[in-house]
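Worksheet for the structure shown next.
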Amino acid sequence: MRLQKYLADCGFGSRRACEVLIDSGVVSVDGVVVSRQGVQVVPCEQEVRVRGKLAVSEKRIYLIMNKPRGILCTSDDPRGRRTFRDLLPHLPSRIYTVGRLDLDSEGLLIITNDGELCNRLIHPRHHVPKLYSAILTRRLSEREMDLMRKGMRIDGERMRMTDIRFHRRSAKGVAYRITLKEGKNRQIRRMISAVGVQVKRLRRLQIGPLKLGELKAGESRFLAKSELARLREAAGMNAATGRNG
């Protein structure tokens, strides 16, 4: 999304007025001042500020979804593939997913336009754990699991799992419970693949205190105020909830 469009969505005026703000050098993205037009930003993944004030959408919406396989976590796709927006009713504001699940992964998605909460939930410095269920093609050795807990370098990028534990064996494969406090691109799949094992199924079960529960694949609902309060507390924010839409 173009920066001026995002600022307009956040209530900083018309697109033209937001272009003037950018020209004035009072807008920053991830701490870097932006003074040229046409910069693209990814809401809920990048921090945008105007004169030091965090840019967030005025009307706040918070949902939980059970993402099925084959659904993208982007708002639109030039190839015409289905996105999470196709599974939702019409909503009045632009909304984004908190972190992403790749096309073949499934499970818990938080969907919101609350940029501050989104940034806090995905940034590793806030230590918000994400719990996954992974079904693998074979059982891992203790040495392999220790390596993943201690960290490994893949394609020049250091990655580690907060925890990985054997869960059970079934006809579908060997199930593990994996906890992350960071969320690098396809991290679990890349780490598992690095020891010569493949992921057959990957589901996110929990983000902080929020659990997937009994939501069926493709279903979504608004968060309860109590759920949102616990989520904000886990992210180090005050308990004020904002509106659920």
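The modelled label-to-label distance for the pair Ser226/Lys150, using points 7 Å beyond Cα in the direction of Cβ, is 4.4 nm. Averaging the Cα positions of each part gives two centres, and for the stretch 58-72 and the stretch 87-149 these lie 12 Å apart. About its Cα centre, the stretch 36-76 has a charge dipole of approximately 140 debye under the convention of +1 per Lys or Arg Cβ and -1 per Asp or Glu Cβ, with nothing else charged.
With pairing defined as another cysteine C-beta under 4.7 Å, the cysteines of the chain that fail it are Cys10, Cys18, Cys73. Of the trypsin sites (Lys or Arg not before Pro) in the stretch 79-115, the ones in a loop by DSSP (not H, G, I, E or B) with at most 14 other beta carbons within 10 Å are Arg79, Arg81, Arg82.
When the pairs Lys172/Lys211; Lys130/Lys211; Lys53/Lys225; Lys59/Lys216; Lys67/Lys216; Lys130/Lys150 are compared against a 20 Å limit on Cα-Cα distance, Lys172/Lys211; Lys53/Lys225; Lys59/Lys216 fall above it.
When the chain is treated as a Gaussian network with alpha carbon springs shorter than 10 Å, the biggest mean-square fluctuation among Asn66, Asn119, Asn185 belongs to Asn185. Taking only the C-alpha atoms of the stretch 3-54, Rg followed by Dmax gives 9.4, 24 Å. Under a Gaussian network description of the chain, with springs only between Cα atoms under 10 Å, the residue in Ile64, Ile154, Ile22 that fluctuates furthest is Ile154. Of the beta bridges in the stretch 3-84, as assigned by DSSP with both residues counted there, near 90 percent are antiparallel. Pairwise Cα separations in the stretch 129-207 fall into 10 Å bins from 0 onward with the following percentages, short to long: 19, 59, 20, 1. Dipole of the stretch 80-170 computed with +1 at Lys/Arg Cβ and -1 at Asp/Glu Cβ about the Cα centre; of Ser133, Met145, Tyr96, farthest Cα towards the positive end is Met145. Exposure proxy shown here: for Leu136, Leu117, the number of other Cβ atoms within 10 Å sets the order, fewest to most, as Leu136, Leu117. Using only side-chain charges placed at the Cβ, +1 for Lys and Arg and -1 for Asp and Glu, the dipole size of the chain relative to its Cα centre rounds to 800 debye. Counting neighbouring Cβ atoms within 10 Å and putting the fewest first, the residues Glu227, Glu214, Glu106 line up as Glu214, Glu227, Glu106. With a Förster radius of 45 Å applied to the beta-carbon distance between Ser24 and Asp86, the computed FRET efficiency rounds to 0.70.
Entry note: the chain has Rg to Rh equal to 0.99, where both radii use alpha-carbon atoms and Rh is the Kirkwood radius. Each residue, Glu233 and Arg168, gets one label point 7 Å from its Cα in the Cβ direction; the gap between the two is 3.1 nm.
Residues whose amide H comes within less than 5 Å of that of Lys200, counting only those at least five positions distant or on another chain, are Ile135, Leu136, Thr137 (H built at 1.01 Å from N in the peptide plane). Charged side chains reduced to their Cβ positions (Lys and Arg at +1, Asp and Glu at -1) give the stretch 3-54 a dipole of some 180 debye around its Cα centre. The residue among Gly25, Thr74, Gln37 whose Cα reaches farthest toward the positive pole of the charge dipole of the chain, with charges on the beta-carbon of Lys, Arg, Asp and Glu, is Thr74.
Every number here is computed from the coordinates shown, using simple stated rules; none is lab data. This one's a predicted model, so the numbers in the text were calculated from it and none came from an experiment. Using ideal geometry, Cβ is built from the backbone for each residue, glycine included, and neighbour counts are taken over all protein chains shown.
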